[in-house]
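Below is one structure, written out as structure tokens; the observations come after it.
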């Protein structure tokens, strides 16, 4: 159930937008909201430096004769770099058309239907989240904000020429204003090859080591 609150100095047009469940704004001529406060630290602004097309990166392992282990590792490292660099669309493009990002509440969960999850998103939901965190008025993303991911213990559990099951460990440090939060746990990836032979993510399961902990604010982006 939505709650309406009065905003000081808000005109009738602004109050009308707040009454809607979803607000979609058009182009903004000048920075507003969170963008005006801290444009340099917003996840809507990718870090400087060109990134190569994902197809080129994911085929490098095959082109240079590296084995499947190396190819899988490069995909997971690539994923971490895209998240830390705030290249949201490039990160979403790592998933195939049926890809799902899932973060269950407990390690015992076996599916996301009929049970609550922290994240359970297909590519459409990922696009919606991307639009929310890149919106000029995304206040939760305005302060100094950044992440740093480490991925290790990459192990191929099973696989053939078209599908690979992978598990790994991760640690993410999140900076917001002057506070640092730590998230750790395990990844489980189901990877498939697309028509070009590149690995894509069909399912990414994220089991947080501290999923039951109490946090000052909820996660806004993918871990």
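Among the residues of segment 151-166, the ones that are in a strand (DSSP E or B) and exposed (fewer than 13 other Cβ atoms within 10 Å of the Cβ) come to 5 in all. When we screen 181, 200, 169 for residues that are assigned to a strand (DSSP E or B), closer than 24 Å to residue 125 by Cβ, modelled with pLDDT of 95 or more and in contact with a strand residue (DSSP E or B) (Cβ under 7 Å, 6 or more places away or on another chain), the only hit is 200. For the criterion of being modelled with pLDDT of 80 or more and not in a strand (DSSP E or B), residue 128 passes.
Suppose we keep only residues that are free of Cβ contacts under 8 Å to residues at least 60 places away in the same chain, touching a helix residue (DSSP H, G or I) at 6+ places or on another chain (Cβ under 9 Å) and not in a strand (DSSP E or B) within segment 90-113. Which one would you say is farthest from residue 189 (Cα to Cα)? Of everything passing the filter in segment 90-113, 90 is farthest from residue 189 (Cα to Cα).
No other residue among 150, 199, 175 is in contact (Cβ under 8 Å) with a residue 24 or more places away in the chain, closer than 27 Å to residue 71 by Cα and within 16 Å of the chain's Cα centre (by Cα) apart from 150.
Of all residues in segment 139-155, which are in contact with a helix residue (DSSP H, G or I) (Cβ under 6 Å, 6 or more places away or on another chain) and at pLDDT below 95? Within segment 139-155, 139, 141, 142, 144, 145, 147 meet the criteria. Among the residues examined, residue 220 qualifies as surrounded by fewer than 19 Cβ atoms within 10 Å (Cβ to Cβ), outside any strand (DSSP E or B) and either modelled with pLDDT of 90 or more or in contact with a helix residue (DSSP H, G or I) (Cβ under 6 Å, 6 or more places away or on another chain) (or both). From the list 59, 44, the one residue that fits, being in a loop (DSSP other than H, G, I, E, B) and modelled with pLDDT under 80, is 44.
The values are calculated or read from the model by the stated rules, or taken from the named source; none is laboratory data. Treat the numbers as computed from the prediction; the structure is a model and nothing was measured. Note: ideal-geometry Cβ built from the backbone for every residue, glycine included; neighbour counts use all protein chains shown.
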